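Asks: Take a look at the following structure, please.
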Amino acid sequence: MIDLVRNFIGYREYPKYGMVNRYFVYKQALLKEAAKLVQANVIPEKEDIYYLTFEELREVVRTNKLDRQLISERKDEYKLYEKLTPPRVITSDGEIIAGEYKRENLPAGAIVGLPVLPG
């Protein structure tokens, strides 16, 4: 049984590899469509399609009309989200655990850190 597992364990990665491998092709096709929208003066930059859902993008391609305010708002939101720092630990219940190390009363010249292995 161990020989079977060793021989075939790599096959579990094939579906993921296939999906990720095609993402590049999908992205290139979407950017090609975006370039047409830039030429038609529908969007200012082809990367602006990243701020649209697939349904919204389909509608823009179909009608050649776009609410540029929507793109602007989403860019601003993205900049705001970039500044956020996620918590270090979130439990499976959604509880955010925040703590601080006690650093008072440290001797002079002490190296502050967490011990991980004795010796």
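The numbers here are math on the coordinates, done by the rules we state, and not lab data. For clarity, every value in this text was computed on a predicted model and none was experimentally measured. Positions of Cβ are backbone-derived with ideal geometry, glycine not excepted, and every protein chain shown enters the neighbour counts.
Asks: Placing +1 on the Cβ of each Lys and Arg and -1 on the Cβ of each Asp and Glu in the chain, which of N105, G10, Y81 has its Cα farthest towards the positive end of the resulting dipole?
Replies: Going by the charge dipole, the pick is G10.
Asks: Also: Assuming a strict under-16 Å limit between Cα atoms, what lysine pair count do you get for the chain once near-sequence pairs (fewer than 8 apart, same chain) are dropped? Provide the component values of the computation, followed by the final result.
Replies: On the way: K27/K36; K27/K46; K32/K46; K36/K46; K36/K65; K46/K65; K46/K75; K75/K83.
Eligible lysine pairs with Cα atoms under 16 Å apart amount to 8.
Asks: Now for a different question. If the convex hull of the alpha-carbon atoms of the chain is projected onto planes in all directions, what is the mean projected area in square nanometres?
Replies: If I average the Cα hull's projected area over directions, I get 16.6 nm².
Asks: Using modelled amide H (1.01 Å from N, peptide plane; none on Pro or chain starts), what sits under 5 Å from the amide H of L52, excluding residues fewer than 5 places away?
Replies: Result for L52 returns nothing.
Asks: Then there's this: With unit charges on the beta carbons (Lys and Arg positive, Asp and Glu negative) and the dipole taken about the Cα centre of segment 1-78, which residue among P44, V25, N64 sits farthest to the positive side?
Replies: With unit charges placed on the Cβ atoms, the residue in question is V25.
Asks: Could you pull out every residue, at least 5 positions away or on a different chain, whose amide H is within less than 5 Å of the one on I43? Hs are placed 1.01 Å off N in the peptide plane, and Pro or chain starts have none.
Replies: Result for I43 returns V38.
Asks: Could you size up the charge dipole of the chain around its Cα centre, putting +1 on the beta carbon of Lys and Arg and -1 on that of Asp and Glu, and report it in debye to the nearest 20?
Replies: Dipole size: approximately 460 debye.
Asks: Sticking with this structure for a sec: Based on DSSP loop calls and a cut-off of at most 12 other Cβ atoms within 10 Å, the longest stretch of the chain free of exposed trypsin sites (Lys or Arg not before Pro) is what?
Replies: Working: sites that count: K65, R88, K102, R103.
The longest such stretch corresponds to 1-64.
Asks: Rounded to the nearest 0.05, what FRET efficiency do K79 and Y14 give with R0 = 35 Å and r taken as the Cβ-Cβ distance? Could you check?
Replies: The computed FRET efficiency comes out at 0.35.
Asks: Expressed in nm to one decimal, what extension gain is obtained for the pair D93 and A35 from 0.36 nm per residue of sequence separation less their Cα-Cα distance? Before the final figure, lay out the partial values.
Replies: Details: separation 58, 0.36 × 58 = 20.88 nm, distance 4.41 nm.
Gain on stretching D93 to A35: 16.5 nm.
Asks: Using a 7 Å offset from the Cα along the Cα-to-Cβ direction at both L106 and Q69, what is the distance between the two label points in nm, to one decimal?
Replies: 5.2
Asks: Another question about this same structure. In sequence order, what are the phi-derived ³J(HN,Hα) couplings for segment 98-113 according to the Karplus relation 6.51 cos²θ - 1.76 cosθ + 1.60 with θ = phi - 60°, rounded to whole Hz, with x for glycine and proline?
Replies: Here the 3J(HN,Hα) series is 10, x, 10, 7, 6, 10, 7, 6, 7, x, 4, x, 5, 8, 8, x Hz.
Asks: Let me ask something else about it. Taking Cα atoms, how many degrees apart are the long axis of helix 14-39 and the longest axis of the chain, rounded to 10 and kept between 0 and 90?
Replies: 50
Asks: Estimate the FRET efficiency between V25 and L114 by the formula 1/(1 + (r/R0)^6), using the beta-carbon distance for r and 35 Å for R0, to the nearest 0.05.
Replies: It comes to 0.20.
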